[in-house]
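Derivation of every value follows stated rules applied to the coordinates shown; laboratory data play no part. Worth saying up front: this structure is predicted, and the values here are computed from it rather than measured. Neighbour counts run over all protein chains shown; Cβ positions are idealised from the backbone, glycine included.
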Amino acid sequence: MTALADQIDAAFKEALKSRDTLRLSILRLLRTALKNREVERRGPLEEAEVLAVIRGLVRQGQEAAEQFEKGDRRDLAQKEQAELAVLQGFLPPSLSETEVRAVVEEIIREVGAAGPQDLGRVMKPALARLAGRAEGQQVRTIVQKQLAAI
């Protein structure tokens, strides 16, 4: 079990003891999603996989909150936002656009990219190096801008 999974279990036990129903429900959902991914994988999860599961739940929660807002259900949207805050507490802090740009520039120099045709050569190491700290779409946009400027 990874350190993050241990942290999630500890938070779950704490929520049980303190009878925090909101935290308890979202942590139950998270633990179930992690267990399902373990079953799919047929083995224990690595830290990056645990983060991917959390990010997936965050994305679903954000979409649900947007839909509740559009449907004028502010009460449900607020509940989703509170659950998102719990999940985001387990994610590492995201890098700023400037920090992502610096990493991308370094990778472009390393692989010797010469223009937009080298998008794939830059994206693979960029996503690997920035995994868990930046959104894939954000990385792609920055890579495209940097390669277009060459």
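Springs between alpha-carbon pairs under 10 angstrom, Gaussian network model over the chain: which of 107, 54, 26 fluctuates most?
Highest fluctuation among the options: 107.
log₁₀ I(q)/I(0) of the range 10-150 at q = 0.09, 0.12 Å⁻¹, via Debye over equal Cα point scatterers, no solvent, to two decimals?
Taken in order of the listed q values, log10 I(q)/I(0) reads -0.39, -0.65.
Divide, for the range 111-150, the radius of gyration over alpha carbons by 2.2 N^0.38 Å, where N is the residue count.
Cα-based Rg divided by the globular estimate yields 1.08.
Any idea what the dipole of the chain comes to, in debye rounded to 20, about its Cα centre with Lys/Arg Cβ at +1 and Asp/Glu Cβ at -1?
280
Based on other C-beta atoms within 10 Å, arrange 2, 98, 141 from fewest to most.
If I rank by nearby Cβ atoms, fewest first, I get 98, 141, 2.
Which stretch or stretches of the range 55-79 have amide N atoms under 13 Å from the point lying 7 Å from residue 25's Cα along the Cα→Cβ direction?
Output list for this probe position: 75-79.
So how strong a dipole does the range 74-150 carry about its Cα centre when Lys and Arg Cβ are +1 and Asp and Glu Cβ are -1, to the nearest 20 debye?
180
Read phi for every residue in the range 131-137 and hand back ³J(HN,Hα) as whole Hz from Karplus 6.51 cos²θ - 1.76 cosθ + 1.60, θ = phi - 60°, with x for Gly and Pro.
3, x, 10, 8, 6, x, 5
Determine, for 75, 20, the number of other Cβ atoms within 10 Å of each Cβ, and report the residues in order from fewest to most. Before the final figure, lay out each step's value.
Details: 75 7, 20 15.
Least to most surrounded, the residues fall as 75, 20.
For the pair residue 88 and residue 117, how long in nm is the line joining their label points, each one 7 Å along Cα→Cβ?
Those two pseudo-labels are separated by 4.2 nm.
Sum -39500 (n - 2.57) across every DSSP H segment of at least 4 residues in the chain, then divide by the residue count to get the 222 nm mean residue ellipticity, nearest 500.
Rounded to the nearest 500, it is -26000 deg cm²/dmol.
Using the Cα centre of the range 4-134 as origin and beta-carbon charges of +1 (Lys, Arg) and -1 (Asp, Glu), tell me which of 84, 39, 94 is placed farthest towards the positive end of the dipole.
With unit charges placed on the Cβ atoms, the residue in question is 39.
Quick check: the angle from helix 3-18's long axis to the longest principal axis of the chain, C-alpha only, nearest 10 degrees?
30
Please determine, in degrees from 0 to 90 and to the nearest 10, the orientation of helix 119-130 with respect to the longest principal axis defined by the Cα atoms of the chain, where the helix direction is its Cα long axis.
40
Work out which trypsin sites (Lys or Arg not before Pro) in the chain are exposed loop sites (DSSP not H, G, I, E or B, at most 12 other Cβ within 10 Å) and give the longest gap free of them.
Longest run free of exposed loop sites: 43-150.
Return 96, 25 ranked ascending by Cβ neighbour count within 10 Å, so the fewest neighbours appear first.
96, 25
By how many degrees, 0 to 90 and rounded to 10, does the Cα axis of helix 21-41 deviate from the longest principal axis of the chain?
60
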